[in-house]
Structures are given as structure tokens and as C-alpha cells.
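Heads up: the structure comes next, in C-alpha cells.
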Amino acid sequence: MQGKTFGSVVLVLVLLVVAAAWALPAYFRYQARQDALNQVQINETKIQQTSQLVQVEKQKAEIRIVDAQGIAQAQSIINATLTDRYLQHEAIQAQMQMAGSPNHTTIYIPSGQNGIPLVKTVDEPSSNAKPE
């Protein structure tokens, strides 16, 4: 009786080994196919992402073009109405604003026909500098 049981166990084990040897290659083929399909899906997703990035960059470029056109139009309008008197007024306003600032070391030198000054900022001597 023990011989039949042992023989049955051995037979079952042999059948299991044969079944595993037959099924494993099929499983690995299936897994390889699934990996290939997954890679195709990943590549398609990457292509879609790249396409979206291209669209975003095109839209950004269009925005920059529209901004540049707006700046060019504004400069054209300003240049058409810009006068020497207006520039002089703006220079005086800037001088008044700087003169009211508590921390400035600016020298105003009137020059030119309209008296618009050249502006030069003077660096204060540092305490470590040696007198010459």
C-alpha cells in the first residue's frame, strides 16, 4: 500500500513538473506581449505630451508677438507726440523725486539747449579707502 501511495506522489510531482515546464514559456510569452503593449501605450502618451508642449510653446510665442506689436504701437504713438518740452518736464519731475529721497548722492549738471541735466551718480568714498 505504501508503494502505491509513494508512486502516486511521485507521479503527481512528475506531472506537475511537466505542466510547469509546458506552461512557463507560454506565461513568459504572454508577459512579453503585455510588456510590449504597455510600451506602446507609454510611447503614445509621451507623443501626446510632446504635442501638447509644442502647442503651449506656440501659444507663448503668439503672446510674445502680440506683446511686441502692442509695444511697437505704443512707441509709435509716443514718438508722434513727443516734444522737447515734455522731455524737459519729465526730467524736472525725476529730479524733484530724487531730491526728495533721503538717500541719494546724485549731481545734476544742466547741459544742452533745454537745460536737461546729465545725471551722474557719485560713489561715496568707503571708510577703508586710503587718501592719496
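Where does each of I92, I65 land when they are ranked from fewest to most other beta-carbon atoms within 10 angstrom?
Numbers: I92 13, I65 10.
Ranked by crowding around the Cβ, least crowded first: I65, I92.
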> If the chain between Y30 and I92 were fully stretched, how many nm would it gain, using 0.36 nm times the residue separation less the Cα-Cα distance?
Replying inline: 14.0 nm
> Got a sec to turn the phi values of the range 52-64 into Karplus ³J(HN,Hα) couplings, 6.51 cos²θ - 1.76 cosθ + 1.60 with θ = phi - 60°, whole Hz, x for Gly and Pro?
Replying inline: 5, 5, 4, 4, 4, 5, 5, 5, 4, 5, 4, 5, 4
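Between T81 and A61, take the C-beta separation as r, use R0 = 30 Å, and let me know the FRET efficiency to the nearest 0.05. Please report the intermediate quantities before stating the final value.
Working: r = 31 Å, r/R0 = 1.05.
E between T81 and A61, to the nearest 0.05, is 0.45.
Readers should treat all values here as calculations from the given coordinates under stated rules, not as data from a laboratory. Bear in mind that the values here come from a model prediction, so they are computed numbers and not experimental data. FYI the Cβ positions are ideal-geometry reconstructions off the backbone, even for glycines, and counts take in every protein chain you see.
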